[in-house]
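Peer 1: Got a structure for you, written out below as structure tokens; questions coming shortly.
Computed from the coordinates by the stated procedures, all read-outs in this text should not be read as laboratory data. Computed from a prediction, not measured in an experiment: that's the story for all the values here. We place every Cβ from the backbone using ideal geometry, glycine too, and count neighbours over all the protein chains shown.
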Amino acid sequence: MFSKIVKTSIFIVASATILVAGSFNAQAEKDRLALQHYMLAKFKNPVANRAEYFPYMPLHILKTQYAKNLKLSDFLLGSYAYDLDARKQYTELNEFPPYVFNVSHGEKLYNTKFKNGKSFKDCFPNPAIKGNYPYFDTKKGEVITIGLAINECRVKNGEKPWKYGKGKLADLDGYFAFKSRGQVLNVTIPNAAAEKAYNAGKKYYYSQRGSLKMSCATCHVQGAGNKLRAESLSPLLGQYNHFPVYRLKWQALGTMQRRFKGCNKNQGEQPQKLQSKDYRDLEYFLAYMSNGLKLDGPDIRK
Amino acid sequence: MKKIYLLGSVAALTILISGCTTQPSQPNRIEMGKLDASKVCKTPETSKGINATLKKASMYLKVTKKDKVEFRTRDVIHHKYITTSQDIALSKKLLAKGDIKNATFAAYQSCVQAIRAVQQEDEANKTYLLSVPK
């Protein structure tokens with residue numbers, strides 16, 4: 001009798017744990033699928049959907065310069081997925097992509113030994129690790145991005161941390177991304193604290209901010225596919241997967257958080273420090289939204 | 001005896017009135033969300049008036065900075081906008097040149113932006129879910 005009670009209690013506790021664990025990403029999954037549905041519907045037929053999604057876009061541009069029936073994997077190309085004219089330029093640039101030098105520099109950095117004789121190899125034995133980042137560290141209770149992990153490795157080995165956003169850190173990030181090409185992004189939400197971080201990132205993304213009162217979503221969800229002056233706005237879906245990017249404006253490779261900084265300035269808000277809690281939560285949210293898509297970084301953007 | 005009572009009551013009344021009207025050094029975050037920014041920041045076109053508004057702006061900016069929602073207009077960070085406006089307001093030469101209108105506007109903007117950044121944050125907290133695709 002006693003053993004039956006014990007077995008039943010264990011079964012109930014185990015089932016409850018599984019149910020609760022599964023529910024941490026329930027809302028995030030809903031958000032992700034809703035975003036995919038929204039983007040696919042938006043770009044199924046831009047001409048037919050003009051009134052709903054592209055009210056300010058001249059009809060002849062939608063007819064001649066926009067691709068139709070986009071698939072999920074097409075979104076990895078960002079705005080080049082639908083903007084046919086920009087896609088031509090992108091394809092030409094990719095014949096000899098400018099980031100190759102950064103990738104080879106990143107490889108060199110990966111193999112260079114620290115003063116203590118160790119190297120990045122000791123922290124990251126396999127350089128194809130981008131699919132594992134960002135992740136929620138359940139012990140520390142915070143989001144760990146690839147930039148943070150790189151600098152943690154340096155500090156652990158008695159080296160000074162690198163500057164976030166560009167330079168050596170971006171090059172090494174680029175090398176990791178290059179080696180991770182083809183991996184399917186699979187960001188998980190393991191516990192309630194991770195769910196909180198996801199929700200904080202989501203709130204940051206959809207909140208109107210700055211003197212222009214624009215949210216990130218104003219441009220990259222509702223505004224995706226529309227134009228800001230001559231530039232097409234890229235969709236949120238697939239954005240995480242191609243970073244770090246070589247931006248022609250920067251003339252260098254830059255990380256996703258460097259781009260956040262630029263976006264904040266464009267919104268009319270003082271940007272935060274790179275790798276701040278808000279930015280890491282935001283990166284976590286962005287990565288989750290692109291779950292299930294393949295990694296294809298580094299890439300070129302205007 | 002009557003005089004003592006009279007003096008005491010006048011003193012109490014003065015303390016009460018001054019306590020109600022003096023600006024607190026640190027504004028209340030919740031009350032700041034309810035302020036009518038254009039009324040609070042109304043600036044008279046005098047050097048004294050401009051300085052008073054800029055002081056208010058600096059006070060409200062503390063909360064804005066704490067909430068990490070400080071504005072940055074045309075690549076000028078808000079706190080720099082305030083200090084530059086203060087420099088203009090304190091420079092009698094510049095004010096004499098007829099810049100008083102511009103300085104008044106700058107002071108008003110400094111104050112309004114500090115308050116609106118926080119009010120926008122409150123509004124976003126309530127409305128951000130409306131723009132999530134469903």
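Peer 1: FRET efficiency for A:Leu40 and B:Lys68, Cβ-Cβ distance as r, R0 = 35 Å, nearest 0.05?
Peer 2: 0.50
Peer 1: Moving on to the next point. How far apart, in nanometres, would the label points at A:Leu84 and A:Ser23 be if each is projected 7 angstrom from Cα along the Cα-to-Cβ direction?
Peer 2: That separation, rounded to one decimal, is 5.0 nm.
Peer 1: Taking every residue in B:73-83, how many Cβ atoms of other protein chains lie within 10 Å of its Cβ, on average?
Peer 2: Per residue, the number of nearby Cβ atoms from other chains is 2 on average.
Peer 1: Follow-up. Which length gain, in nm to one decimal place, applies between A:Gln222 and A:Asn111 when the Cα-Cα distance is subtracted from 0.36 nm times their residue separation?
Peer 2: Length gained between A:Gln222 and A:Asn111: 35.6 nm.
Peer 1: Determine, for each peptide in A:76-89, A:275-288, the mean count of other beta carbons within 10 angstrom over its residues, then list the peptides with the highest first.
Peer 2: On the way: A:76-89: 19.4, A:275-288: 22.1.
Listed from highest to lowest mean packing, they are A:275-288, A:76-89.
Peer 1: About the Cα centre of chain A, how large is the charge dipole given +1 on each Lys and Arg Cβ and -1 on each Asp and Glu Cβ? Please answer in debye to the nearest 20.
Peer 2: 460
Peer 1: A follow-up question, please. Order these by the 10 Å Cβ neighbour count, fewest first: A:Met289, B:Met32.
Peer 2: Ranked by crowding around the Cβ, least crowded first: B:Met32, A:Met289.
Peer 1: Per-residue HN-Hα couplings for the stretch A:236-252, Karplus 6.51 cos²θ - 1.76 cosθ + 1.60 at θ = phi - 60°, whole Hz, x for Gly and Pro?
Peer 2: 4, 4, x, 5, 4, 5, 9, 8, x, 10, 8, 8, 4, 5, 7, 6, 6
Peer 1: Sticking with the crude label model, points 7 Å out along Cα→Cβ, report the distance from A:Glu52 to A:Asn94 in nm, one decimal please.
Peer 2: 2.9
Peer 1: Ignore the peptide's own chain and count Cβ atoms of other chains within 10 Å of each Cβ in A:169-179; give me the average, rounded.
Peer 2: Values: counts 0, 0, 0, 0, 0, 0, 0, 0, 0, 0, 0.
Mean number of neighbouring Cβ atoms from other chains: 0.
Peer 1: Using Cβ counts within 10 Å as a stand-in for footprinting exposure, how do A:Arg259, A:Arg209, A:Arg229, A:Arg181 rank, fewest first? Don't jump to the answer; show the numbers that get you there.
Peer 2: Values: A:Arg259 18, A:Arg209 24, A:Arg229 4, A:Arg181 15.
With the fewest neighbours first, A:Arg259, A:Arg209, A:Arg229, A:Arg181 line up as A:Arg229, A:Arg181, A:Arg259, A:Arg209.
Peer 1: Given points 7 Å out from each Cα along the Cα-Cβ axis, report the A:Lys163 to B:Thr46 separation in nanometres with one decimal.
Peer 2: Between A:Lys163 and B:Thr46, the simple spin-label model gives 4.9 nm.
Peer 1: A follow-up question, please. Relative to a virtual label point 7 Å from the Cα of A:Leu59 in the Cα→beta-carbon direction, which members of the stretch A:224-242 show backbone nitrogen distances below 16 Å?
Peer 2: Answer for the stretch A:224-242: none.
Peer 1: Now for a different question. What Rg and what Dmax come out for the stretch A:25-302 when only alpha-carbon atoms are used, in angstroms?
Peer 2: Every Cα atom of the stretch A:25-302 included, Rg and Dmax give 18.8, 63 Å.
Peer 1: Using Cβ counts within 10 Å as a stand-in for footprinting exposure, how do A:Ile150, A:Ile129 rank, fewest first?
Peer 2: Going from sparsest to densest Cβ surroundings: A:Ile129, A:Ile150.
Peer 1: Roughly how many Å is it from the Cα centre of the stretch A:46-85 to that of the stretch A:140-168, as a whole number?
Peer 2: 39
Peer 1: What FRET efficiency comes out for the pair A:Asp122/A:Lys273, r = Cβ-Cβ distance, R0 = 25 Å, nearest 0.05?
Peer 2: Efficiency, rounded to the nearest 0.05: 0.35.
Peer 1: Sticking with this structure for a sec: For A:30-39, what's the mean count of beta carbons from other chains sitting within 10 Å of each residue's beta carbon?
Peer 2: Counting Cβ atoms of other protein chains within 10 Å of each residue's Cβ and averaging gives 2.
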